[in-house]
Amino acid sequence: MARKGSTAIRTSSELEQYRDKVKKQSKSITKRVYVCVGTGCAARGSRVLYDLFVKAAKESKADVKIEAKCVGCHGFCERGPIVVVDPGLVLYQRVEEPDVAEIFRETVLNERIIERLLYEDAVTQKRVKTAEEISFYKAQERIVLAGNGVLDPTNIDDYIVHGGYGALIKAITTMQPEQVIGEIEKSQLRGRGGGGFVTARKWKSCRNAEGTPKYVICNGDEGDPGAFMDRSIMEGNPHCVLEGMMIGAYAIGSTQGYIYVRNEYPLAVEHLTKAINQAKNMGLLGSGILGTDFSFDIRINRGGGAFICGESTALMASLEGRTGEPRAKYVHTVESGLREKPTNLNNVETWANVPAIIDRGGDWFASIGTEKSKGTKVFSLVGKVVNTGLVEVPMGMTLRQIVEDIGGGVKDGREFKAVQTGGPSGGCIPAEHLDTPVDFDELTKLGSMMGSGGMIVMDEDTCMVNVAKYFVGFLKDESCGKCTPCREGLAQMLHILDRISQGEGELVDLRKLEELGELLAATALCALGKTAANPVLSTLRYFQTEYEEHIKNRRCPAKVCRGLFRYDIDPEACKGCGICAKHCPENAITGEKKKPYVIDQKKCTLCGTCFDKCPFTAVLKV
């Protein structure tokens, strides 16, 4: 491959010539090893694996060219580290250091399969060779994540080989800004950051707004618990995000862009920084891009970890060096945003969709999805599900298909109870609505939301009161405190939920929670406050009997809320080993060896040590 970003490109024809050159060089490499170095796999040592494969390729005396490539997140985080060997696209999962030499010798050099490293299908009990044969990947349709697992995110040449910056050439050399916006309008792309606002309408308003300069912003703050969609896009295909922003800037009339990334994403910052520098070195960022009069630059800003800064006006305040607080919505940011200038903000996934839309056309994108929700959506599928990770599916796929077909169903044969969508401000959807198609409008009807794409699966052992309490507690802590409804309302809501979970609630509390939720939705300043009650209202809507059990019978059906259940020992299952008594910090367990032990309920503090330590599952929650 050519040196990374070393060639200055002055015209679109030079870029195409350069593309042909690196394609030719790429074709000379006959064998490749793709090693995922996304955060999930890297946490399990994949960077060491990559270094070992690079060393093996350099030292190989084989008569062929071999390349070891670092790539972004495949999405199948449950099975990392993932290594793919081509030819054959053989996918190995849970690879460890000792496996590297064997993979290189057997599969890379001799194209022999190592069965024990293949994925085993849970249903058929058969091992499969490629991603296309794995149910996790089968039902997905990848647009945004198409480059993840294929491209080296640190090498602009790799992006160019696979057609990168072709959409930019098309936009700035063959289309007027209004035509670019028209194509986005035809696609019916809606914002993927949570609000679902029509992208073209926002772009058009910003272009038509008075005042200069105009700014474009990429929101990569992503503070939802369990969400890592944007992180994986920025880490795995940063040039796609840059290209989308450049096309948007051309359409709007902007010369300056900002990417706001949460500080907890160091790898995303590293890859984005490299991508920006490479694009600048090649003349794809800066003045007179590709010989046109279009100039554009991008700067990265790190967020301080405040959830509220995912809100557009709070994010812009943070960019200006002020406290991240939202402002009233009657002043639109497309007219007066960053530094009181027209500003267009979209999230990472929205920008990443733009190159594909311009390249393949708005009608193509609009052919995917439902009537009012077009294209695909990336979700982080986590919780009590067999296959956790990132999934990209067409809008309109049902929750059941995502949880069961892609996710492999609930872990350990447990019963499905609910799925929470839309992040901490989303709602909990029960089993009776599993066949609901996933799109912006259908989820809203159920009292939830699309949000940025978090999807948390819960099983029968999940207490819905505790779930509501967790998310309200999270939002209370993350509230900026600027408006009274959010600041005081969330505190009161959490206080009520806390009393219910301790068995001190009253039935009147349920009505109070509903009233507080309605108050927040009607009067809070920003979307955080307006949607903050969704976890409470949705659990009340679908699991009210569970709340009533906590209140009427002082009992937690899921046996989660401390004090609303007790530990007991099954005399038939107990082997009399004494391990529970040995570890009990309160000496509340007595008995004789090889005879059933007994818990003194007056001494028991419900710490759960006996439950955790018993090797025979004889300690029960009752």
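Considering only DSSP beta bridges where both residues belong to the stretch 163-366, give the percentage that are antiparallel (nearest 5).
Numbers: 2 of 20 bridges.
Expressed as a percentage, antiparallel bridges in the stretch 163-366 total about 10.
Shown in residue order for the stretch 354-363 are the 3J(HN,Hα) couplings computed by the Karplus curve 6.51 cos²θ - 1.76 cosθ + 1.60 at θ = phi - 60°: 4, x, 5, 5, 5, 5, 9, x, x, 5 Hz (x for Gly and Pro).
Where does each of K595, K411 land when they are ordered by accessible area, with a 1.4 Å probe and the largest first?
K595, K411
Toward the positive end of the charge dipole of the chain, with +1 on the Cβ of Lys and Arg and -1 on the Cβ of Asp and Glu, the farthest Cα among Y547, G283, F136 is that of G283. Beyond 20 Å, the tail of the calculated P(r) for the stretch 290-396 holds 61 percent of the Cα pairs. Note on K575: lysines with a C-alpha under 27 Å away, same-chain residues under 8 apart excluded, are K559, K593, K594, K595, K602, K603, K613, K621. A crude spin-label estimate for the pair K552 and D435, with each label 7 Å from Cα along the Cβ direction, gives 3.0 nm. When F416, F471, F611 are compared by accessible surface with a 1.4 Å probe, the order from highest to lowest is F611, F416, F471.
Relative to the dominant Cα principal axis of the chain, helix 508-523 is inclined by about 20°. Of all DSSP-defined beta bridges confined to the chain, some 55% are antiparallel rather than parallel. Atom-type composition of the exposed protein surface of the chain places 48 percent of the accessible area on carbon and sulfur (1.4 angstrom probe).
Dividing the convex hull volume of the alpha-carbon atoms in the stretch 12-138 by its residue count gives 124 Å³ per residue. In this structure R262 has an accessible area near 50 Å², from a 1.4 Å probe over the protein heavy atoms. Using only the alpha-carbon atoms, how far is helix 46-59 inclined from the longest principal axis of the chain? Give it as 0 to 90 degrees, nearest 10. Around 40 degrees separate the two axes. Taking amide H atoms as placed 1.01 Å from N in the peptide plane, the amide H of G337 lies under 5 Å from those of T343, each 5 or more residues away in sequence or on another chain.
Measuring only protein heavy atoms, the 1.4 Å probe finds K65 accessible over about 120 Å². Computed on protein heavy atoms with a 1.4 Å probe, the accessible areas place T609, T545 in the order T545, T609, largest first.
Taking amide H as placed 1.01 Å from N in the peptide plane, G303 has its amide H under 5 Å from the amide H of V261, R262, N263, each at least 5 places away in sequence or on another chain. Approximating the spin labels as points 7 Å out from Cα along Cα→Cβ, the K61-to-T30 distance works out to 1.8 nm.
Derived scalar couplings between HN and Hα for the stretch 593-610 equal 4, 6, 10, x, 8, 9, 9, 7, 5, 6, 8, 4, 9, 6, 6, x, 4, 4 Hz in order, rounded to whole Hz, by the Karplus curve 6.51 cos²θ - 1.76 cosθ + 1.60 (θ = phi - 60°), x for Gly and Pro.
Candidates A524, A268, G454 compared by Cα position along the dipole of the chain: farthest toward the positive end lies A268, with charges placed on Cβ.
Shown in residue order for the stretch 177-185 are the 3J(HN,Hα) couplings computed by the Karplus curve 6.51 cos²θ - 1.76 cosθ + 1.60 at θ = phi - 60°: x, 5, 5, 4, 4, x, 5, 5, 5 Hz (x for Gly and Pro). Cα-Cα over 23 Å: which of K69/K377; K214/K377; K31/K280; K21/K65; K21/K69? Exceeds cut-off: K69/K377; K214/K377; K31/K280.
The amide H of G196, built 1.01 Å from its N in the peptide plane, has G191 as neighbours under 5 Å, considering only residues 5 or more places off or on other chains. Taking every alpha-carbon pair under 8 Å whose residues sit at least 6 apart, the chain reaches a relative contact order of 12 percent. Relative to the dominant Cα principal axis of the chain, helix 238-252 is inclined by about 70°.
Per residue, the chain exposes 42 Å² of accessible surface when a 1.4 Å probe is rolled over the protein heavy atoms with every protein chain present. In a solvent-free Debye calculation with one equal scatterer on each Cα, what is log10 I(q)/I(0) for the stretch 516-614 at q = 0.12, 0.20 Å⁻¹, listed in the order of the q values? Log10 of I(q)/I(0), two decimals: -0.59, -0.95.
With contacts taken as Cα pairs under 8 Å and at least 6 residues apart, the stretch 335-484 reaches a relative contact order of 20 percent.
Roughly how many Å is it from the Cα centre of the stretch 549-578 to that of the stretch 361-377, as a whole number? Spelled out, the Cα-based centre of one part sits 50 Å from the other.
The values are calculated or read from the model by the stated rules, or taken from the named source; none is laboratory data. Bear in mind that the values here come from a model prediction, so they are computed numbers and not experimental data. Cβ atoms come from the backbone with ideal geometry, glycine included; neighbour counts cover every protein chain shown. Each accessible area value is taken on the protein alone, full model and side chains, heavy atoms only, with ligands, DNA and RNA left out. Shrake-Rupley method; radii C 1.70, N 1.55, O 1.52, S 1.80 Å.
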